[in-house]
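Colleague: Following this message is one structure expressed as structure tokens.
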Amino acid sequence: MDDSILVVNCGSSSLKLALFDHDHQKIASALAERLNQSGALARISADDSSVPLPARANHEQALAALINAFKDRGLMTGEPAAIGHRVVHGGETFREASLIDDETIAAIEHCSALAPLHNPVNLAGIRAMKALCPDVPQVAVFDTAYHQTLPPRAFRYALPEHCYRDWGVRRYGFHGTSHAFMAQQAARLLGKTPATTSIISAHLGNGCSITAIRDGISVDTSMGLTPLEGLVMGTRSGDVDPSVFDYLSSRGVSASETHKMLNNDSGLLGLSGQTNDMRTLCDLADHGHEPSRLAIDVFCFRLARYIGAMTASLGQLDALVFTGGIGENSARVRQETARHLRLLGIELEPDLNRNHGRWSDGRINTADSRYPVLVIPTNEELVIAREADRLAAARHVNPDG
Ligand code: AMP
């Protein structure tokens, strides 16, 4: 066994691995795609080399091949000291990360009804790693866990009570590892402690969510029962009137077709009719493509509305934080969003917004802005590695615990 920590993130046809050393510095990462299909392929980032996979490789075969490739390249000398798995849905069972045993696996399985596209593949990764490294402690880190502190007024839908009681229909929230990381990093940049720091954290990537964090704790968030609710996303609609199901069924579109459309064909892609990629959309908009301009406009306006809404959950605001591929990189999205927030006294400094960096500690607001605005790179893999390390170490202290 060496002292590395392996982070495993399994998607339906892909898997991402990240390898950290004992100081939590990333050593390497790897990606396998087209799993269970013809033409499965895998690459290691350290030397940008490809790794041969069997035809139609499954998750276990890809994991075995990539771990061997890490060993062949001297990146791993033995089995890792701990393995952390990203698990999408922990329901109300998991308020924090958990060491994986038979009981944990059964509970994750139970939550699969709430995340049928995600939890089963997360479990496939867990089972594969247990088969490959049976003696290594493994830890599940849940996207939902950080939001288990939401008060009922934020997590309950105004539906008949039995929907919640009998079927668990409530808001769970996602991107928890990223929002938790923002809470820590923002506190550090502001020279405060997380327990006294209140922020609005906007995670804007292909999936987008926004969270109100009061004194380090999630008190409101935009995603709901599933990651479909809330902001406009790459291919997801975010909020729509639920009557769309009934109305479209009267037009011959089945509920499952509508569900697929809301998840896969909507959002920036649906509005622009071109792409879910914000970079391409900005280029198209600059060249006069009206639907792309509209897609960016709807995206920023919805985001600004949610930022305003999140202030209702906070007693004070120490910073508005942008993260994720769009949040970290798109000065245009940040600027267009801030333009809707003048009433809140939020003002961005254009040069800082375009060129924020370490030297500015990620600050992009003017001196007159009522609230600081920060750009902070997210690092969900690091959070998972830290949690895996922490729980694996606790296991050595208390082997029965
Ligand atoms: P993520 O899911 O966090 O990887 O984010 C993906 C999104 O970030 C895509 O819409 C990308 O177009 C967007 N993105 C990445 N880099 C940039 C950039 N430099 N400018 C604008 N959007 C970007």
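The values are calculated or read from the model by the stated rules, or taken from the named source; none is laboratory data. This structure is a prediction, so every number in the text was calculated from the model and none was measured. Methodologically, a virtual Cβ is constructed for each residue, glycine included, from the backbone with ideal geometry; neighbour enumeration extends over all protein chains shown.
Colleague: Which residue pairs have Cβ atoms under 7 Å apart, sit 6 or more places apart or on different chains, and have a first residue in segment 156-170 that is within 16 Å of His110 (Cα to Cα) and a second that is loosely packed, with under 11 Cβ neighbours inside 10 Å and of a type in the set (Ser, Thr, Tyr)?
Modeller: none
Colleague: Here's a follow-up. Taking segment 349-388 as the search range and keeping residues that are within 16 Å of the ligand (Cβ to nearest atom) and touching a strand residue (DSSP E or B) at 6+ places or on another chain (Cβ under 6 Å), which one is nearest to His85 (Cα to Cα)?
Modeller: Ranking the candidates gives Ile384 first.
Colleague: Just to be sure before I move on: is Ser209 within 15 Å of the ligand (Cβ to nearest atom), within 30 Å of Arg153 (Cβ to Cβ) and either part of a helix (DSSP H, G or I) or among the polar types (S, T, N, Q) (or both) in the structure I sent?
Modeller: yes
Colleague: Also, I was wondering about something else. Looking at Thr197, Thr177, which is the one that is closer than 22 Å to Leu19 by Cβ, of a type in the set (Ser, Thr, Tyr), buried (at least 20 other Cβ atoms within 10 Å of the Cβ) and touching a helix residue (DSSP H, G or I) at 6+ places or on another chain (Cβ under 6 Å)?
Modeller: None of the others qualify; the one that does is Thr177.
Colleague: Can you say whether Ser250 is more than 16 Å from the ligand (Cβ to nearest atom) and exposed (fewer than 15 other Cβ atoms within 10 Å of the Cβ), as far as the supplied structure shows?
Modeller: Spelling it out, Ser250 is indeed more than 16 Å from the ligand (Cβ to nearest atom) and exposed (fewer than 15 other Cβ atoms within 10 Å of the Cβ).
Colleague: Let me ask something else about it. Given the residues Leu281, Leu294, which is the only one that is in contact with a Ser or Thr (Cβ under 8 Å, 6 or more places away or on another chain) and more than 12 Å from the ligand (Cβ to nearest atom)?
Modeller: Exactly one residue qualifies, and that residue is Leu294.
Colleague: Related question: Name the single residue, out of those in segment 6-24 being surrounded by fewer than 17 Cβ atoms within 10 Å (Cβ to Cβ) and touching a helix residue (DSSP H, G or I) at 6+ places or on another chain (Cβ under 7 Å), that is farthest from Lys71 (Cα to Cα).
Modeller: Ser12
Colleague: Of all the helices (runs of 4 or more DSSP H) wholly in segment 99-186, which have at least 1 residues that are modelled with pLDDT of 95 or more and more than 18 Å from Glu229 (Cα to Cα)?
Modeller: Working: elements: 102-110, 119-132, 152-155, 161-167.
By residue number, 102-110, 119-132, 161-167.
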